[in-house]
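Structure, as structure tokens:
The values are calculated or read from the model by the stated rules, or taken from the named source; none is laboratory data. Since the model is a prediction, treat every value here as computed from it, not as a measurement. In this analysis, Cβ positions are derived from the backbone assuming ideal geometry, glycine residues included, and neighbour counts consider all displayed protein chains. For accessibility, only protein heavy atoms count, side chains too; no ligands or nucleic acids. Shrake-Rupley method; radii C 1.70, N 1.55, O 1.52, S 1.80 Å.
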Amino acid sequence: VSTRRTYLKMSSEKKAEIAAEHGVLATVRYYASRLPEPLKESSVRTWKNAYTAQLQKQRREGKDSPKVEELPTKKRGRPNLLGEDLELQVKAYLKALRANGAVVNTAITIGVAEGIIRNKDSNLLAANGGHIALTKSWSKHFLERMGYVKRRASTKAKVNVDDFEAVKAQFLFDVSAVVEMEEIPNDLIINWDQTGIHYIPVGSWTMEKEGAKRVEITAVDDKRQITAVFAGSLTGDFLPPQLIYKGTTPRCLPAVTFPKDWHITFSHNHWANEETMVAYVEKILVPYVANKRKALKLAQDYPVLVIFDHFSAQMTDAFFKLLEENHLRRVMIPANCTDRLQPLDISVNKTAKEFLRRQFHDWYAKQICEHLEEDTPVVPVDLKLTTVKPVGAKWMMNLYDYLKAKPEIIVNGFRGAGIVDFLTSG
């Protein structure tokens, strides 16, 4: 039988709370029946000494009403990425944001940290040649060390497809058959997909202290998400997108001048429907293929192959008729195979969301940096729709330029689905 002593795991905040009690022996007796294991006098004395040292340090720094909320801990393993002072500043700022009802998640944490670092010395950031690289993984562990856990999270389970290899083989055969029979060039093989975009990565969840019974979140709603319809060709061309905002009148659209060949619209829930998909074909796809046929010196009724998902809004007789009228041949991606056979889902959608997340980090960090320069009390960054809609729209235009300049991203999606190799080998 092991006689090894069990030790209490005590947070630095709890140690500070205990150290604030009067007298070592009195504190030990007080907590004797309140903790699963008794406190050692030597431990309490060490905490009290550290507590006193922290108070003295704060007084030397000129703080009028010094208060120690947590005690410094011995560093184990790799050194702290931010360093002690910067880490304390980031923690304090995040706690102040939560106290004001603001969302605190990995994206916000990165934005806050970057803003504080910029205010001190932007050369510390990896982007400027420094040693600090703020990643989502770092942010997650940082929040965990603060004792924060994710609230109101959900995950989408993947559906297994019986005999996937046979399903994939049939899909690739169908694509190859249309291409060969109609002699369709790579420029006219087009894939489109609808994807939800959080251009402000703040959802209806936040990080909160474990065990908290009530979680207040201000200024958060589904209107910060839009639906984007992306499309790309087998040659790597990225088509103008369709953006669908949430609303019932044009007033819901951002006051921004979008490129003329984009289609900007709305629906009551920002989701694509038959009406928006018809508009997509008429306003984006048809003009695009008309220009491509002309550039390739092909007749305007030359066939085009379009590849898309089994999505109810684009599975109607009226929609199929519209495709046929415009000489658009279709091959459907097998049900429940989007993550493995949808080219855009394989390469573009994730890239797009990561790009927009970086845009948000940069913008949010600038807001924090400006706030610190003004030296005013911490308040949540303004995420009202009137502010974020036009900002998010500009990010979407930056994303379009980015993907247009990197055709290999689009081609890699077709390659990942097996289409490139299958057509080449045929």
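At 37 °C and a viscosity of 0.692 mPa s, what translational diffusion coefficient does Stokes-Einstein give for segment 351-423, taking Rh as the Kirkwood radius over Cα pairs? Give it in µm²/s as a whole number. Spell out each step's value before the answer.
On the way: Rh = 14.9 Å.
So the translational diffusion coefficient is about 220 µm²/s.
Angle of helix 286-295 to the longest C-alpha principal axis of the chain, folded into 0 to 90 degrees and rounded to 10: 60°.
Defining a contact as two alpha carbons under 8 Å apart and six or more residues distant in sequence, what relative contact order in percent does the chain show? Working shown, then result.
On the way: 574 pairs, mean separation 75.0, N = 426.
Relative contact order here is 18 percent.
Once both labels are positioned 7 Å from their Cα atoms along Cα-to-Cβ, the gap between S33 and D339 label points is 5.4 nm. Annotation: peptides 316-322, 284-290, 32-38, ranked by per-residue average of other Cβ atoms within 10 Å with the highest first, follow the order 284-290, 316-322, 32-38.
Could you list, in their original order, any pairs among K67/K353; K136/K389; K14/K353; K67/K384; K297/K389 whose Cα atoms are separated by more than 30 Å? Over 30 Å Cα-Cα: K67/K353; K14/K353; K67/K384; K297/K389.
According to the calculation over all Cα-Cα pairs in the chain, the P(r) per 10 Å bin from zero is 4, 17, 23, 20, 15, 11, 7, 4, 1, 0 %. Surface listing: D362, D162 arranged by accessible area from highest to lowest gives D162, D362, probe 1.4 Å.
Which of the peptides 254-265, 410-421 is most tightly packed, and how do the rest follow, going by the mean number of other Cβ atoms within 10 Å of each residue? Intermediate results must be reported in sequence, preceding the final value.
On the way: 254-265: 14.5, 410-421: 20.5.
Listed from highest to lowest mean packing, they are 410-421, 254-265.
Relative to the longest principal axis of the Cα atoms of the chain, helix 136-145 runs at roughly 30 degrees.
If you stretched the chain out fully between M181 and A53, how much longer would it get, using 0.36 nm times the residue separation minus the C-alpha to C-alpha distance? Provide the component values of the computation, followed by the final result.
Values: separation 128, 0.36 × 128 = 46.08 nm, distance 8.17 nm.
My answer for the length gained is 37.9 nm.
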